[in-house]
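Accompanying notes for the structure given below.
The values are calculated or read from the model by the stated rules, or taken from the named source; none is laboratory data. Because the structure is predicted, anything quoted here is derived from the model rather than measured. Here Cβ is always computed from backbone atoms with ideal geometry, including for glycine, and neighbour counts include all displayed protein chains. Surface areas here come from the heavy atoms of the whole protein model, side chains and all, with no ligands, DNA or RNA. Shrake-Rupley method; radii C 1.70, N 1.55, O 1.52, S 1.80 Å.
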Amino acid sequence: MTNPSILYRGGRLFCPADPRATALLVRDGRIDWLGGDGDAPSADRVVELDGALVTPAFVDAHVHATDTGLALSGLDLSGARSAADVLAAVAGFAAGLPADAVVLGHGWDESAWPDRRVPAAAELDRAAGGRRVYLSQASIHSALCSVALLAAVPEVVGAPGYDASGWLRRDAHHLVRELAMGSVMPAQRRAAQRVALDRAASLGIAAVHECGGPEISSEEDFTALLALSGAGAPEVYGYWGELMGARRARELGAVGAGGDLFADGALGARTAHLSVPYADGEPGGCGHGYLTAEQVRDHLLDCAAHDVQGGFHAIGDAAIGTVLAGFAGAAEVLGVERLRAAGHRVEHAEIMEKRLIAGFVEYGIVASMQPAFDRLWGGERQMYASRLGVGRSLESNPMGAMHGVGVTLAFGSDSPVTPLDPWGSVRAAVAHFNPAQRLSVRAAFAAHTRGGWRAVPAGAGGRDPRLAEGALVPGAAATFAVWSTPAGVGDGGLPVLVSEVPELRGSDDPTPLPVCRRTVLRGSVIYDVDGDDEGGAVGAS
């Protein structure tokens, strides 16, 4: 039998239009019916939910799939707390590799180490037995490199961001990254991409936005990932970050010419472009702006000429100001309404103030944000406080202020910068270090579901623009996840995510998060905790 109808019954559906719904019928990839168990129509198959919660599936609006898979299956340095920890991890990992292999690692963050000294290039050589070593910092905007790797890229000497210590930033980092990532063979790349997509599906994520570009990946890597989209895995919507590259983005199968089109760098590497100097950097150091307002304008005009959504990576307020000046220039040519209709994006948008937020409203810019940035680095005692000072740290990632004036928010992880963790991201938005920037659970959940669909052009990737995305309603795409909810469900129909004890809110909140039992994409099961895609029970355990 082809396309059998499937009835899911006996659950709790997050369906504000029908809060008493306990069952839904899937037919031909759509939600054909929903309501109470007693009114359920007959179906070819029945899935017993056993009280589990059903919600729309998540969308992660900013990922790097190959890097994520390599981090999940390779050298993960996120637990390192000193230079000695990094060196020990490198030595243990390298011992199992061929002598000509490149040691790839990710995730170290010296900002929280008691002694913030990082390993020098020569130390990495010794730990890796002379192998080339590339270890990306948590932000992916800088890396530690061994002498052997530096020697393999002689042009790196003298490039902006070069340092003989082996800690490279800016252009120098891009040069060594290209060689290091070029060492990943096609089979290893495919395996890493599959690992990343499988992990996403297991967390109730049904779609991801891949942010590629010539400075962060390769065309081969990008197109190989797009080929996996929806094939028993989450859908992949690609963004290609190449300046004046709208035509090339379309040729590669991207839905937008943006994503990691860098207007600046990152706070962790002190390369995000700020209007006020870093508190812990070189005197007067404000980071780096990589684009001019004229380049931003011309890129947006190029996107309009090819009918492609555009976007930019912009973290610091100076970089965001440059991007908005470019929008103003494009509006003089295209008109504000045409610019708004394109739904252009800005990734990250961390250091904002009222004037910049007003620009997002004026030009209809989607803010693709990562709540985990605040959880991991915000507040009064973490990395942002060191880099920016406590005041600017608490003002960063102003999700509440942006949501309050109608900016479309699309939440993601920037994985592997932060882990794939959608419920954790929702909780991070609800428990922002600054109470003024906190969202309700419902608003944060919407940003990680409907917001992700709204951030993609209508009909992109072959989607049927007539289908509702990110909601459980009759006629919508049957894209949802089934959850066990250890902490129960709150009054709004969504899980309890945040401790009622105020001092426990935040990164150390002990409240257990929901556990995914099944993920369904347009009617097809792409993850089941028991490996069963033919029906059966998927209830809480």
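Here are some notes:
- A Cβ-based charge dipole, computed about the Cα centre of the stretch 106-187 with Lys and Arg at +1 and Asp and Glu at -1, lands at about 100 debye.
- Theoretical FRET efficiency, 1/(1+(r/R0)^6), r = Cβ-Cβ of ALA436 and ARG126, R0 30 Å, to 0.05: 0.05
- In a reduced charge model with +1 at each Lys and Arg Cβ and -1 at each Asp and Glu Cβ, the stretch 271-400 shows a dipole moment near 260 debye about its Cα centre.
- Computed over the alpha-carbon pairs of the stretch 426-475, the distance histogram in 10 Å steps reads 24, 39, 24, 12, 0 percent, short to long.
- Exposure ranking of SER229, SER139 by accessible area [1.4 Å probe, largest first]: SER229, SER139
- Candidates ASN397, LEU467, VAL118 compared by Cα position along the dipole of the chain: farthest toward the positive end lies LEU467, with charges placed on Cβ.
- Options SER202, ILE351, ALA436, ranked by Cα towards positive dipole end of the chain, top entry (Cβ charges): ALA436
- Over the stretch 292-439 - Rg/Rh using Cα atoms and the Kirkwood inverse-distance radius: 0.99
- Mean projected area in nm² (Cα convex hull; one quarter of hull surface) for the stretch 246-305: 5.0 nm²
- For the stretch 204-355, the relative contact order is 21 percent, taking Cα pairs closer than 8 Å that sit 6 or more residues apart in sequence and dividing their mean separation by the residue count.
- Full-stretch length increase - ASP280, ASP532 - with 0.36 nm per residue and alpha-carbon distance subtracted: 85.4 nm
- Sum of side-chain charges, PRO398 neighbourhood, beta-carbon under 14 Å (Lys, Arg +1; Asp, Glu -1): -1
- Degrees, to the nearest 10: 317-334 long Cα axis against longest axis of the chain: 70 degrees
- Helix 83-94 axis, angle to the chain major axis (alpha carbon atoms, nearest 10°): 70 degrees
- Listed candidates [x] 145; [y] 166; [z] 158 - label of the one calculated as volume of the Cα convex hull per residue in Å³: [x]
- Sum of -39500 (n - 2.57) over DSSP H runs of 4+, divided by residues of the chain (222 nm, nearest 500): -9000 deg cm²/dmol
- Considering only alpha-carbon pairs that sit under 8 angstrom and 6 or more positions apart, the relative contact order computed for the chain is 17 percent.
- Charge dipole of the chain about the Cα centre (unit charges at C-beta), most positive-ward option of VAL47, CYS15, MET369: CYS15
- Relative contact order %, the stretch 257-346, counting alpha carbon pairs below 8 Å whose residues are six or more apart: 36 percent
- Over the stretch 105-195, the hull volume per residue, using the convex hull of the C-alpha atoms, is 109 Å³.
- Taking Cα centre as origin and charging only the Cβ of basic (Lys, Arg, +1) and acidic (Asp, Glu, -1) residues, the dipole magnitude of the chain rounds to 400 debye.
- Measuring r between the beta carbons of GLU220 and ARG355 and using R0 = 60 Å, the FRET efficiency lands at 0.90.
- Ligands, DNA and RNA left out, the 1.4 Å accessible surface of the chain is 51% carbon and sulfur atoms.
- Rg and Dmax of the stretch 396-541, both derived from C-alpha coordinates alone, stand at 16.3, 47 Å.
- Label-to-label distance, nm, for residues given as ALA487 and ALA101 (7 Å Cα→Cβ offset): 3.9 nm
- Among ARG454, ARG177, ARG381, the sequence by solvent-accessible area, most first, with a 1.4 Å probe is ARG381, ARG454, ARG177.
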